[in-house]
Amino acid sequence: MRLAPPSLLFIALVCLTLGPRAVSGVPVEETQAGWADQLDTFFDRHCYDCHDDLTTKAGLDLFELKTDLADEATFATWELIYDRVSKGEMPPRTEERPSPQAIAALKKILAPPLAKAHESQKGTILRRLNRAEYENTLNELLGLNLDIIDRLPEDGRSHEFDTVGSALGISQVQLERYLEIAEIALDEVLMASPEAPERTRIETSFTDNQDVDRFLGNQWLKAPDGAVVFFRQYGYPTGSLRESRIPMRGRYRVKVTGYAYQSEDPVTFSLRGTTFKRGGERPVFGYFSMPPGKPTTIETEVLIDRDYMLQIEAEELFDPQNLIKNEGVKKYAGPGLAIKQVVIEGPILDTWPPTGHRLILGDSEEAEPIAKTLQRFASAAFRRPVSVDELEPYLQLHDAELTSGADSTVALRTALSAILCAPDFIYLRENPGWLTSHQLANRLSYFLNRTTPDAALREQADSGKLSSDPELLLAESRRLMQSGDFDRFINDFTDAWLDLREIDFTNPDASLYPEFDAYLQHSMVAETRAYWRELIEENLPVTYLVKSDFAMLNKRLGRHYGIPAARSAEVERVSLPADSVRGGFMAQGSVLKVTANGSNTSPVLRGVWINERILGNHPHPPPAGTPGVEPDIRGATTLRELLAQHRDSESCQACHELIDPPGFALESFNPIGGWRTYFRSMGQGERPEGRAPNGQGLRYKIGPDVDASGVLLNGTPFDDYISFRELIADQPEALARNLIVKLLTFSTGREMGFSDRPEINQLTARAKAADYRIADLFEIVITSKIFRRK
């Protein structure tokens, strides 16, 4: 039942009362007078020749540069001047270099006004819950499993993060979606039957498939014990179990019984969801190994949508189609996957009715005052105690609905919808200054568990001690990092920081990379997330971000990377040979895939990624009008030569000297993360030996040799990826500082700025005293003033 238009309008007004800058109004302090004039001598000697009203190289005219640091663009320009002079990037190396004393004098003049301007504004932007946080929070609040994310507009990002308040605006469309979702969610709760949904048990096998007779003896084989055996990896018929259709969305326990057929080694299979809808999503629930010998039952618990079926596919089996055509499947002697039975039980319910039902209606059968109901619900939704006075707008809305003729259920739902669209629910309400215990609990929970505080954390917040006792804050952070919800942090942080959310963005060219498959991509992502978790749980040094003596691998990645020690279908810790090129994020397939386009690699893209995500350097975008690197314009024949000529341009040189060397080092890895000594080509050249996974010959040709050498910005040369990796691993301070900044940005909902630099320096010094260990960095961040203040 939809809300009446007057209620929609009222709720819209409530929601839009608070925008992202609702706590703005903090005045920009007056900075020291005449600071810009004091820089004139430095500019006259080192800058005006290129940045005057006649030349304006890089689009910057210092004579026209304003000094109102409250203006974001003006502030950004002055900050850029400070950084480029401090790092020695400007003036160019071809010009007279300023003395250390002159640089120190410029920094002394420019730093105070920049710090004051940033300090006055950094606490003025509230952070809206992003889509994932909103879904987690609403489901947690009401005890539901709603799929919400795709109903909401995509969130904005500041650099790589979608948790930064300045990028998380709100629109009329988004507000309408919040209202729609609130109605759906409240219907699920308020209209829940007193009786729990009937538990479903589905027992099925592939012999129940209505088309089974068409496939047996052709693509499928029926074993003497009644199991159906698969040999093909992909294609029709699929491994869909049509009798496994799920009656309602929920968590189900799935048991698959089978064995590896005609094989001494386990056979890997995927368990997916599929639907009759054309083009529908096929979520992967996991990859499992079926051992040989007697039938084995593998059990897992998965969230399945209504009307979805299960689909089982054998992985890493060569397609024996040619042998089948010649001799028939009964004579095929290769390995297969035998499936005897699949059992599905569910939905699995932690409690019934849903927790939201009791939250709204209480545990008593007697009616209670509406104010008590709304106070209980609002306190849970707003993540803090709510006074009766704060409820007045919602009580008025409830009474207005009754007056207009609505029944009590509609009136209640209208008031509850308003609460679910209120700023205190959609935003993390924080005022400038030290956070209260409830605000700190919210920040900690959304950082580590990506949802509203649980009961234990809420209890600590209610006591008021969380904001005054650092040891209690650390104890709660350790507890949250041990919970199952910490998986959400692992996923969300790696999606943003390492760009894993782009893993599906490119589809590798099948002619160039026939070894790529869905199992490999799934394994790549699993490797990176498992590795990040291992670094945290083992409290390993920050140098392990780029270099380690182990990797988190399964047998699919082991085959891809050439590491035979990886034998399990599950990702597990595997020791690496001393000379291995693997170890660390830079050599992981997921990272190497998201930094390529599917067919080719770009040293520029990978170089920018290494600088921004690992080292904390942020190359400046090219000046307006700067031409891109186009082939065959200047007579160069390779991308390295093109980039070398591109760097001859003065406006491009400084950034490319920073960007290109890391990108060249990673040229030893192809677009799907495989090691290479030459580029693959579909043009001229010889074909390599070997065959594609489907047994056919390779179509690509051997192209030019890879040159992975380079020279870092500081003049240090490297010959290959391994020597480059050593140089990066020798910078633990830079690695730690960057990770501290990333964690602070993700957790506080704002970009770190100029006035944060002194404290970040102090936090990095604390990290050094703790040997730059990664779990310790979390505690250093959580107890920092930056984390505990708005």
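Structural remarks
- Of all the criteria given as (1) within 17 Å of Lys547 (Cβ to Cβ); (2) in contact with a strand residue (DSSP E or B) (Cβ under 7 Å, 6 or more places away or on another chain); (3) not small (Gly, Ala, Ser), the one not satisfied by Val571 is (1).
- Taken as a whole, the structure leaves Thr200 outside the set of residues that are over 30 Å from Gly156 (Cα atoms) and open to solvent by 40 Å² or more (accessible area, probe 1.4 Å).
- For the stretch 380-393, the candidate set comprises residues that are open to solvent by 20 Å² or more (accessible area, probe 1.4 Å) and either part of a helix (DSSP H, G or I) or touching a strand residue (DSSP E or B) at 6+ places or on another chain (Cβ under 7 Å) (or both); within that set, the residue that is nearest to Ser437 (Cα to Cα) is Ala380.
- Whichever residue in the stretch 761-779 is under 25 Å from the mean Cα position of the chain (by Cα) and open to solvent by 10 Å² or more (accessible area, probe 1.4 Å) and, among such residues, is farthest from Glu476 (Cα to Cα): Tyr772
Residue-wise test of (1) among the polar types (S, T, N, Q); (2) within 23 Å of Ser681 (Cα to Cα); (3) in contact (Cβ under 8 Å) with a residue 40 or more places away in the chain; (4) in a strand (DSSP E or B).
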position	(1), (2), (3), (4)
Val574	no, no, no, yes
Ala578	no, no, no, no
Val581	no, no, yes, no
Ser590	yes, yes, yes, no
Val608	no, no, yes, no
Glu612	no, no, yes, no
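- Residues in the stretch 238-257 that are open to solvent by less than 30 Å² (accessible area, probe 1.4 Å) and within 23 Å of Leu520 (Cβ to Cβ): Gly239, Ser240, Val256.
- Positions within the stretch 582-603 being in contact with an Asp or Glu (Cβ under 9 Å, 6 or more places away or on another chain), of a type outside the set (S, T, N, Q), within 17 Å of Arg529 (Cα to Cα) and open to solvent by less than 10 Å² (accessible area, probe 1.4 Å), in sequence order: Gly583, Gly589, Val591, Lys593
- Count of the stretch 208-223 residues, restricted to those that are within 42 Å of the chain's Cα centre (by Cα), part of a loop (DSSP other than H, G, I, E, B) and more than 21 Å from Arg245 (Cα to Cα), is 1.
- Odd one out for Glu180, checked against (1) of a type outside the set (A, V, I, L, M); (2) at pLDDT 95 or above; (3) surrounded by fewer than 16 Cβ atoms within 10 Å (Cβ to Cβ); (4) closer than 23 Å to Asn449 by Cβ: (4)
- Out of Thr124, Thr137, one residue alone is of a type in the set (Ser, Thr, Tyr), open to solvent by less than 10 Å² (accessible area, probe 1.4 Å) and in a loop (DSSP other than H, G, I, E, B). It is Thr124.
- Taking every residue in the stretch 719-748 that is closer than 15 Å to Ala765 by Cβ and open to solvent by 60 Å² or more (accessible area, probe 1.4 Å) and pairing it with any residue that is in a helix (DSSP H, G or I) and at pLDDT 95 or above, at least 6 positions away or on another chain, the pairs with Cβ-Cβ distances below 7 Å are Glu733/Thr764; Glu733/Lys768; Arg737/Ile760; Arg737/Thr764.
- Scanning the stretch 57-73 for residues that are more than 26 Å from Phe787 (Cβ to Cβ), touching a Phe, Trp or Tyr at 6+ places or on another chain (Cβ under 7 Å), at pLDDT 80 or above and not small (Gly, Ala, Ser) turns up at least one hit.
- With respect to the conditions (1) surrounded by fewer than 18 Cβ atoms within 10 Å (Cβ to Cβ); (2) small (Gly, Ala, Ser); (3) within 15 Å of Val302 (Cβ to Cβ), Gly279 lacks only one, and its number is (3).
- Per-region count, the stretch 678-705, residues outside any strand (DSSP E or B) and open to solvent by 90 Å² or more (accessible area, probe 1.4 Å): 7
- Matching residues, the stretch 335-378, being open to solvent by 40 Å² or more (accessible area, probe 1.4 Å), closer than 29 Å to Tyr252 by Cβ and among the hydrophobic types (A, V, I, L, M, F, W, C): Leu349, Trp352, Leu361
- If the condition is being surrounded by 16 or more Cβ atoms within 10 Å (Cβ to Cβ) and not small (Gly, Ala, Ser), then the stretch 706-718 contributes Val706, Leu712, Leu713, Phe718.
- Top-ranked residue of the stretch 149-171 - restricted to ones that are touching a residue at least 40 places away in the same chain (Cβ under 8 Å) and among the polar types (S, T, N, Q), ranked as farthest from Ile490 (Cα to Cα): Ser166
- Flag if Ala102 is touching a helix residue (DSSP H, G or I) at 6+ places or on another chain (Cβ under 9 Å) and aliphatic (A, V, I, L, M): yes
- Test result for Asp499, of a type in the set (Asp, Glu) and on the phi > 0 side of the Ramachandran plot: yes
- For the stretch 406-445, the tally of residues that are assigned to a loop (DSSP other than H, G, I, E, B) and either without any contact (Cβ under 8 Å) to a residue 60 or more places away in the chain or among the charged types (D, E, K, R) (or both) stands at 4.
- When the stretch 361-373 is filtered for residues that are among the aliphatic types (A, V, I, L, M) and either closer than 18 Å to Pro385 by Cβ or over 38 Å from the mean Cα position of the chain (by Cα) (or both), the ones remaining, listed by number, are Ala367, Ile370, Ala371.
- Candidates Val189, Val173 - the one that is out of contact with any strand residue (DSSP E or B) (no Cβ under 8 Å at 6 or more places or on another chain), of a type in the set (A, V, I, L, M) and open to solvent by 50 Å² or more (accessible area, probe 1.4 Å): Val173
- Total residues in the stretch 551-581, condition closer than 21 Å to Leu727 by Cβ and either open to solvent by less than 10 Å² (accessible area, probe 1.4 Å) or in contact with a Gly (Cβ under 7 Å, 6 or more places away or on another chain) (or both): 2
- The residues of the stretch 471-488 that are more than 17 Å from the chain's Cα centre (by Cα) and either touching a residue at least 40 places away in the same chain (Cβ under 8 Å) or open to solvent by 20 Å² or more (accessible area, probe 1.4 Å) (or both), listed by number, are Glu471, Leu472, Leu473, Leu474, Ala475, Ser477, Arg478, Arg479, Met481, Gln482, Ser483, Gly484.
- Any hit, the stretch 452-466, residues being open to solvent by 10 Å² or more (accessible area, probe 1.4 Å), basic (Lys, Arg) and either without any contact (Cβ under 8 Å) to a residue 60 or more places away in the chain or assigned to a helix (DSSP H, G or I) (or both): yes
- Single residue of Ala530, Ala569 found to be hydrophobic (A, V, I, L, M, F, W, C) and not in a helix (DSSP H, G or I): Ala569
- Unique match (being open to solvent by less than 10 Å² (accessible area, probe 1.4 Å) and in a strand (DSSP E or B)) among Phe269, Phe285: Phe269
The values are calculated or read from the model by the stated rules, or taken from the named source; none is laboratory data. Note that this is a predicted model, so its numbers are computed, not measured. Neighbour counts are summed over all protein chains in view; Cβ atoms, including those assigned to glycine, are modelled from backbone coordinates with ideal geometry. Keep in mind that these areas ignore ligands, DNA and RNA; they rest on the heavy atoms of the full protein, side chains included. Shrake-Rupley method; radii C 1.70, N 1.55, O 1.52, S 1.80 Å.
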